[in-house]
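Below: one structure, written as structure tokens.
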Amino acid sequence: GMQCEDDRTGIGVETLKRAFLDNLFYVQGKFPALATKHDYYMALAYTVRDRLLQRWVNTAAIYTQQGSRTVAYLSAEFLMGPHLGNNLINLGIYNQVQQAMTELKLDLKELLAKEEEPGLGNGGLGRLAACYLDSLASLEIPTLGYGIRYEFGIFDQLIRNGWQVEKTDKWLRYGNPWEIARPEWAVSVKFGGRTEAHKNAQGRYRVRWIPHKVVLGIPYDTPILGYKVNTANTLRLWKAEAPESFDFEAFNRGNYYGAVDQKVTSENLTKVLYPNDETYEGKQLRLEQQYFFVSCALQDMLRIMLRQKLPLEQFHEKFAVQLNDTHPAIAVAELMRLLLDEHDMDWEPAWEITQKTFGYTNHTLLPEALEKWSLKLFSSLLPRHLEIIYEINWRFLEQVRHKFGTDEGRIGRLSLIDENDGKFVRMAHLACVGSHKINGVAALHSELLQKTTLLDFYEFFPEKFTNITNGVTPRRWIVLSNPKLTNLITSCIGDNWIKHLEDVQRIETYAEDPGFQQEWQQIKRENKVNVAEILLDRTGVKVDPDSLFDIQVKRIHQYKRQHLNILHAITLYNQIKQNPNLDITPRTLIFAGKAAPGYYIAKLIIKLINSVAEVVNKDPDIGDRLKVVFLPDYNVKNSQPIYPAADLSEQISTAGKEASGTGNMKFAMNGALTIGTLDGTNIEIRNAVGAENFFLFGLTTEDVGALRLTGYRPREYYKENPQLKQAIDQIASGYFSHGDRSLFKPLVDLLLDKDPFMLMADYQPYIDCQQQVSQTYRDRDRWLQMSILNTARMGKFSSDRAIREYCQQIWKVQPVPVQLAA
Ligand code: 26W
């Protein structure tokens, strides 16, 4: 009846209260006297989910009716972050829900904090996928995100005695109200075994794959609502299960324990996210995960086509499939296999469809990140795919010979098979050959791809290459994270900027307005007080909200140079110690980020940060002039208050190493000034905000290359620079490690002998630039004007702009507006 419908869709405060109490009773099985905070969170989540479902079902109905062209975004990682707050923003009901909770004597903030975030990603690449899903829905583009439903996402980080300790992330422990299992759409995925030839009905040779094992893929769907539209797209994540028939009946008759064993092995497939960032490991399970979700996704797309009665020859017209790095690149061979072996297509049309279907985004130039699989492993797991890859390679190299003649050097460099040192399948090469477009994620990165890593491919098919500079969603990274700044901006220029971030430029006229500056400063201060409370609560360190908040938050990696930042901290410390009355600009240095569990030097850098923090923070000579804090367990939830509280954003990677960076955008949008190198998107941010509003330092990519060639001698910088020498000597002598000289020796030796990321060369320019930062911060009006101009000029870095470019340049897909059925 009417009453029931209204309770599940209505957005008035009274309706929301009634619906919330109804869900508490009928879903959680609790009445208020017995309910925990978590019960209240669940009741609210289900109340919000009801409102999403109305839009989700309508969206699905319209896409099915219209047979809409659809983007399929294939990614091994989706770092979504908490759903509740974001859904409240996108539904436009944040304020009503806040009031409803207040009237029920509950605190919305506390309930939001109860959500366990789905940390199904490592860092930049996974979070980019999440921002892109938000923008795709907000731009009303039909989209399916396909990935893996890891039972354990990225580990939780504890800090014990200054060291990182990893704990498994049990995010599903208390249930996940945002997903709906769809076992009716399960698919089978084969592994191992052998192939054999047979003839089809027309007497043509075909190949049959007789697998060693079969695993079931069960899809779990999460609705992805756009901002103030009715579009709710789907994130479809696959869980591996043992097929009942396979293990319990035929295969293991009479062997109950063997059968259970089989089940455990199958379910291990989607058990855990690999926590490596930017370092490839040739682990069998990782290749199994990649093939599993890719096969599930492509079979799902074929099912959708068959249901919509579309001929498979139109696959590339129905779906634009994007490969998020090479992790899903096996899709090129799998689509070929499905079309050839399972749908009886011939090679030429299947190959044309395949190339027209895929686009490939590259996210890294680091050689240690490029995926390659040994032929031994590959052939034992995916024997049919290896045959297909050989055939693709043979035909491709024929074309290369046709264009360039027999240039064996070039052919060896382009081959899908690496034969330099053992034999490997090169996944980036498979992705390049199997796609019609290849893009980098920032202007510099795309240029370097064409000039270095993918030069031979660029020379062979230059028309495939393009750049699409990354972006982030202003809904999560401004509206949800920084409500106070959102209100100030909206009170000046209305709220159109939330959908069209270019419009935020209109606040430029207030950049020198004293009243506006005053409010801007007040908001930044309140955001800093908030983070000061979090730091006190999580680390016990008390910081001064009036000090300059200097923040570096990101995965810990040598190329990102957190240790350069620490050398600056030590330098400031020494300057104060040498001159106890020194009138310096007080600073709080905040660090956060996880190290890959097997990355020894990164873990040592965490220990160094905490060791320096311990000495600096308890030294009475230092007082409030310098504090160093490491905030444990950096994740999406913990990061949201951080960006709005920053005065200074540290983006100090060695030039040429950071493909794009996206944290750099989140900081600048929230009014932080950047100290950074000419790397990744820093370059474009600086061009947008103006060179006079950006603190630039350091070697350029060209300088780095030239210095390497002429022979880089890091120890010379150390010998010739007394401040640098003092800092390094202190680390080496045990000054920060209770006299232990061995602790940091590996790091010190690395810096003085090899210094692969050129900290020694960039040290003095960095220190000088930081001095400029300190000077500028003392000029309050100047700093505020710079801060306002940074926010005002960041419009380009909305993921909406990036997604519009993908739609036009790569996917050729149009919006499909959704109306709600009455
Ligand atoms: C196979 C091991 C492995 C795992 C993850 C290699 C590489 C990765 C990712 C590609 C690492 C990653 O997240 N790269 C980051 O992608 C962001 C989004 O484009 C960029 O902003 C970052 O600069 C880039 O480091």
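Here are some notes:
- Close contacts from the stretch 432-450, counting a first residue that is open to solvent by 10 Å² or more (accessible area, probe 1.4 Å) and a second that is aliphatic (A, V, I, L, M) and within 12 Å of the ligand (Cβ to nearest atom), with Cβ to Cβ under 7 Å and a gap of 6+ residues or different chains, come to LEU448/LEU365.
- A single entry from GLN521, GLN552 fulfils the requirement of being within 16 Å of the ligand (Cβ to nearest atom) and touching a residue at least 60 places away in the same chain (Cβ under 8 Å): GLN552.
- Verdict on ALA35 being assigned to a loop (DSSP other than H, G, I, E, B) and among the small types (Gly, Ala, Ser): yes
- Within the stretch 769-799, considering residues that are within 18 Å of ASP550 (Cβ to Cβ) and among the basic types (Lys, Arg), the one most open to solvent (accessible area, probe 1.4 Å): ARG778
- Residue match in the stretch 335-346 (condition: open to solvent by less than 30 Å² (accessible area, probe 1.4 Å) and either without any contact (Cβ under 8 Å) to a residue 24 or more places away in the chain or within 28 Å of the chain's Cα centre (by Cα) (or both)): yes
- In the stretch 580-602, the residues that are among the basic types (Lys, Arg) and touching a Phe, Trp or Tyr at 6+ places or on another chain (Cβ under 7 Å): LYS594
- Hits in the stretch 62-104 (condition: aliphatic (A, V, I, L, M), more than 16 Å from the ligand (Cβ to nearest atom) and closer than 30 Å to PHE292 by Cβ): VAL71, ALA72, LEU84
- Of the residues in the stretch 195-202, none is in contact with an Asp or Glu (Cβ under 9 Å, 6 or more places away or on another chain) and either open to solvent by less than 20 Å² (accessible area, probe 1.4 Å) or within 16 Å of the ligand (Cβ to nearest atom) (or both).
- The listed residues are THR654, THR674, and the only one of them that is in the same structural domain as ARG778 (by TED's automatic domain parsing) and either touching a strand residue (DSSP E or B) at 6+ places or on another chain (Cβ under 7 Å) or assigned to a helix (DSSP H, G or I) (or both) turns out to be THR674.
- Residue within the stretch 76-83 that is more than 26 Å from the chain's Cα centre (by Cα), modelled with pLDDT of 95 or more and part of a loop (DSSP other than H, G, I, E, B) present: no
- Leading residue by the ranking (nearest to the ligand (Cβ to nearest atom)) among those in the stretch 261-273 that are among the hydroxyl-bearing types (Ser, Thr, Tyr) and open to solvent by less than 40 Å² (accessible area, probe 1.4 Å): THR270
- Some residue of the stretch 659-670 being free of Cβ contacts under 8 Å to residues at least 24 places away in the same chain and either within 19 Å of the chain's Cα centre (by Cα) or open to solvent by less than 10 Å² (accessible area, probe 1.4 Å) (or both): yes
- Selection count, the stretch 453-499, where residues are assigned to a helix (DSSP H, G or I), more than 16 Å from the ligand (Cβ to nearest atom) and under 24 Å from SER415 (Cα atoms): 9
- Members of the stretch 105-132 found to be within 11 Å of the ligand (Cβ to nearest atom), part of a loop (DSSP other than H, G, I, E, B) and touching a Phe, Trp or Tyr at 6+ places or on another chain (Cβ under 7 Å), listed by number: GLY121
- All positions within the stretch 274-298 that are open to solvent by 40 Å² or more (accessible area, probe 1.4 Å) and in a helix (DSSP H, G or I): GLN284, LEU285
- Residue list for the stretch 106-142, filter: open to solvent by 10 Å² or more (accessible area, probe 1.4 Å) and over 19 Å from LEU84 (Cα atoms): ASN122, GLY123, GLY124, LEU125, LEU139, GLU140
- Test result for ALA369, within 16 Å of the ligand (Cβ to nearest atom), of a type outside the set (D, E, K, R), touching a strand residue (DSSP E or B) at 6+ places or on another chain (Cβ under 8 Å) and touching a residue at least 60 places away in the same chain (Cβ under 8 Å): no
- Flag if PRO177 is closer than 28 Å to ALA232 by Cα and at pLDDT 95 or above: yes
- In the set ASP537, ASP583, only one residue is assigned to a helix (DSSP H, G or I) and of a type outside the set (Lys, Arg); that residue is ASP537.
The values are calculated or read from the model by the stated rules, or taken from the named source; none is laboratory data. The model shown is predicted, which means the values in this text are computed figures rather than measured ones. Every residue, glycine among them, receives a Cβ derived from its backbone with ideal geometry; neighbour counts consider all protein chains shown. The protein model used for the area step is the full one, side chains on, heavy atoms only, and it has no ligands, DNA or RNA in it. Shrake-Rupley method; radii C 1.70, N 1.55, O 1.52, S 1.80 Å.
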